[in-house]
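Presented below is the structure to which this report refers.
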């Protein structure tokens, strides 16, 4: 029996003494009670010290998840496998490298943003429904997890406008994670990835943007593609378009099958003005599209939720 166990036993016996107080003559009960309490307090103090001493013992930390001890060889039966890169990160790098080969710089996006960059700098009217808290996430501090990579447009224009003064152009892409208040299903997620493109010069035209996007998708899918556009609406571009490509043969596409891939358009003069760029002298275009969608099409996936599921069986397929 340990010292701590002995003390607890002694305390238990001592506690039975309180039941005998009524047997003590009335004139001696006070003194008996004081002695009993003093003994109890002394034992409790000894127990406290003994418990502290027990916790002070140095014990070597053990990783209970490890298959063996430190510096010991793995058991022969233990299966060893290397991890793999997440497919979205692979596709994000693939997208960035194609644009880099076309002369674009890459700027990192943000995980949290503010009202100004999310709405004001992008020509959203004060009463625009997208400002409603039900349509976007907001933190208790009033910050906004970006709902699109377009929140970076103002930063790109401000950071690179000195290039215009040097007679060069602004050519930047911004891949990043975005968040939406979505009903999650096979084709919608609340968290996904986009890539924003921004181009500004003195003489760029809408046809230049269409050429850049066509070149990107042909490089990405490694085949010649037909393209198509249809009218769209974004507060920060005018005119605004929805860009479509003919479904690649590698994805089972047939002639005449088109897929909408991203939104794009000429940068609105108000957005240029907000960044201190004269829209009478310079023109620009911008676009933004989902990287998850590219990956789904590339790998023939039917459910976007696989990417965020943490399912190792799914991830192992991309080794």
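Please treat every number below as a calculation from the coordinates, not as lab data. Model, not experiment: these values are computed from the prediction. Backbone-built Cβ (ideal geometry, glycine too); neighbour counts: all protein chains shown.
See the values below:
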| read-out | value |
| --- | --- |
| Folded to 0 to 90 degrees: helix 206-221 orientation relative to the chain principal axis, Cα | 60 |
| Helix axis angle, 87-101 relative to the chain longest principal axis, alpha carbon, degrees | 40 |
| Taking only Cα atoms of the stretch 137-214, radius of gyration then Dmax in Å | 16.0, 48 |
| Extended-chain gain in nm, criterion 0.36 nm per residue less alpha-carbon gap, residue 254 and residue 137 | 38.2 nm |
| Förster radius 41 Å - calculated FRET efficiency between residue 303 and residue 61 (Cβ-Cβ, nearest 0.05) | 0.50 |
| Relative exposure of 285, 116, 137, 104, judged by other C-beta atoms within 10 Å (fewest first) | 116, 137, 104, 285 |
| Order of 62, 291 - criterion: other Cβ atoms within 10 Å of each residue's Cβ, fewest first | 62, 291 |
| Nearest 10 degrees, 0 to 90: helix 153-165 Cα axis against the chain principal axis | 50 |
| The chain, helix-only ellipticity at 222 nm - DSSP H runs n ≥ 4, -39,500 (n - 2.57), divided by all residues, nearest 500 | -10500 deg cm²/dmol |
| 195, 68 arranged by Cβ crowding within 10 Å, fewest neighbours leading | 68, 195 |
| Computed over the chain: relative contact order in percent, which uses C-alpha pairs under 8 Å that are six or more apart | 17 |
| The chain: antiparallel DSSP beta bridges as a percent of all, rounded to 5 | 95 |
